[in-house]
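What follows draws every value from the coordinates through simple rules; no lab data is involved. Bear in mind the structure is a predicted one, so any value in this text is a computation, not a measurement. Methodologically, a virtual Cβ is constructed for each residue, glycine included, from the backbone with ideal geometry; neighbour enumeration extends over all protein chains shown.
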Amino acid sequence: MTALPPTVPTLPTSARGAVSAAVTPAAAAGRRPVVGSVHSWDLSTGVDGPGTRFVTFLSGCPLTCLYCHNPDTWRMRDGKRTTADEILAEAGKYTRFIAAAGGGATVSGGEPLLQPAFTGELLQRFKHELGLHTALDTSGFLGVRATDALLCDTDLVLLDIKSWDRTAYRKVTGQPLQPTLAFARRLADLGNEVHVRFVLVPGLTDDPANIEGVAAFTASLGNVTRVDVLPFHKLGEAKWQALGRRFALHDTPCPTPEQTALARRIFADRGLYAV
């Protein structure tokens, strides 16, 4: 991730697009700029949705996941107050490059639905002004805050279902599971395409019965086109230490290739495309 103001490699002129003429600053349109708390933005490939994507990471999250690799995004007050115009101006520099790479724009976090008005503004303008494929990366815990209009402007939802076992889910996140399941059902009813993300943590979420529960629920939705089984890692531990926080999973091993393959097979046995 790149902290604002961002520094990214300069792309060749042929690969960079000027900001779309349709991107009109809010002030020029006679309305108040929409402002949000932004942690950073970055260009990523194959991680935050299909293709190369412009990813905006918002600050603030109601979950406190034990394995979070970005605990520095938890508090909204730690972000930089940024207008949607500023984000669109940055994204507009790379639209031709992104489009050529089959990508789009993703709003992530933190938890973007903690700032639904700002998130909705970004998705709407990414889609209709820049012509980019849009993705929302969310835990679903605050799904009730997503308006139908916001979801209409979302081409893909990256939905984290962190556990099926309710006790394990609360242990991992500090919050209940039910709001995420309700949001998943709503997305299915609306027909939004969804990629489910499941983090495999030995001793915490790796019980085959737990994985089977997530798999059965996911398969019942009918709108999930991909499941990402993400092996637990400790790459964010240094951030916890820098923030003076204890990383509770310090002694937890990363899953073996065999454990990861088994989890993917459980999803595949339900007819899901699991990677």
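The set of residues in segment 169-222 being crowded, with 19+ Cβ neighbours inside 10 Å, among the aliphatic types (A, V, I, L, M) and part of a helix (DSSP H, G or I) consists of V172, A184, L187, I211, V214, A215. Go through the residues of segment 52-72 one by one and say whether even a single one is over 14 Å from E111 (Cα atoms) and without any contact (Cβ under 8 Å) to a residue 60 or more places away in the chain. Yes. Under the condition of being of a type in the set (D, E, K, R) and either within 18 Å of the chain's Cα centre (by Cα) or crowded, with 17+ Cβ neighbours inside 10 Å (or both), the residues counted in segment 60-92 number 5. Residues of segment 233-275 that are touching a residue at least 40 places away in the same chain (Cβ under 8 Å), more than 24 Å from the chain's Cα centre (by Cα) and farther than 17 Å from F198 by Cβ: P253 alone.
Keeping to segment 260-274, report how many residues are over 23 Å from G46 (Cα atoms) and either loosely packed, with under 14 Cβ neighbours inside 10 Å or of a type in the set (S, T, N, Q) (or both). Total satisfying the criteria: 1. Residues satisfying the criterion are present in segment 205-212 (criterion: within 15 Å of A274 (Cα to Cα) and under 22 Å from the mean Cα position of the chain (by Cα)).
L230 satisfies every condition listed in (1) under 24 Å from the mean Cα position of the chain (by Cα); (2) in contact (Cβ under 8 Å) with a residue 40 or more places away in the chain; (3) not in a helix (DSSP H, G or I) except (2). The condition of being at negative phi, hydroxyl-bearing (S, T, Y) and outside any loop (DSSP other than H, G, I, E, B) holds for only one of T252, T260, that being T260.
Taking segment 115-157 as the range and being surrounded by fewer than 22 Cβ atoms within 10 Å (Cβ to Cβ), under 21 Å from G79 (Cβ atoms) and touching a residue at least 40 places away in the same chain (Cβ under 8 Å) as the test, the residues that pass are A117, L142. Say whether the condition of being buried (at least 16 other Cβ atoms within 10 Å of the Cβ), in contact with a Lys or Arg (Cβ under 6 Å, 6 or more places away or on another chain) and small (G, A, S) is met by at least one residue in segment 25-36. No, there is no match, as no residue in segment 25-36 is buried (at least 16 other Cβ atoms within 10 Å of the Cβ), in contact with a Lys or Arg (Cβ under 6 Å, 6 or more places away or on another chain) and small (G, A, S).
Condition test on F57, is it buried (at least 18 other Cβ atoms within 10 Å of the Cβ), within 21 Å of L243 (Cβ to Cβ), in contact with a Ser or Thr (Cβ under 8 Å, 6 or more places away or on another chain) and not acidic (D, E)?
Against the criterion (buried (at least 18 other Cβ atoms within 10 Å of the Cβ), within 21 Å of L243 (Cβ to Cβ), in contact with a Ser or Thr (Cβ under 8 Å, 6 or more places away or on another chain) and not acidic (D, E)), F57 qualifies.
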